[in-house]
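Undergrad: The structure follows.
The values are calculated or read from the model by the stated rules, or taken from the named source; none is laboratory data. Note that the structure is predicted; figures quoted are calculated from it, not measured. For neighbour counting, all protein chains shown are included, and Cβ atoms are generated from backbone atoms with ideal geometry for every residue, glycine included.
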């Protein structure tokens with residue numbers, strides 16, 4: 001996995017904060033009888049925790065745009081976009097994106 005450069009203090013602070021209601025990201029928990037159940041995600045940390053769950057769906061393109069436009073992390077957004085465009089199962093993509101986001105989260109915890 002490609003390593004991400006250390007974020008600056010400003011980016012690290014944005015990554016650790018909640019976003020406004022209109023900037024939230026929506027994912028889906030997949031349920032046998034109910035189908036996809038929407039889940040509103042208001043922070044980088046919530047998205048990371050969501051990616052650790054089983055039976056979920058997150059639109060990789062939407063996550064890429066959210067990371068760049070709302071969070072302001074263009075480098076991570078590009079890396080997530082690359083993962084979203086590769087061939088492979090959703091489980092593999094989820095695992096790779098989770099690893100990237102976990103790496104960034106650890107970097108930010110050291111920075112702030």
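Undergrad: Does the stretch 26-38 contain any residue that is part of a helix (DSSP H, G or I), within 12 Å of the chain's Cα centre (by Cα) and modelled with pLDDT of 95 or more?
TA: No, the stretch 26-38 contains no residue that is part of a helix (DSSP H, G or I), within 12 Å of the chain's Cα centre (by Cα) and modelled with pLDDT of 95 or more.
Undergrad: Take the conditions part of a helix (DSSP H, G or I), modelled with pLDDT of 95 or more, under 14 Å from the mean Cα position of the chain (by Cα) and surrounded by fewer than 16 Cβ atoms within 10 Å (Cβ to Cβ) and apply them to residue 49. Does it pass?
TA: yes
Undergrad: Separate question: Please pick out the residue among 54, 73, 40, 23 that is loosely packed, with under 14 Cβ neighbours inside 10 Å and touching a helix residue (DSSP H, G or I) at 6+ places or on another chain (Cβ under 6 Å).
TA: On the way: 54 fails: touching a helix residue (DSSP H, G or I) at 6+ places or on another chain (Cβ under 6 Å); 73 fails: loosely packed, with under 14 Cβ neighbours inside 10 Å; 40 fails: touching a helix residue (DSSP H, G or I) at 6+ places or on another chain (Cβ under 6 Å).
None of the others qualify; the one that does is 23.
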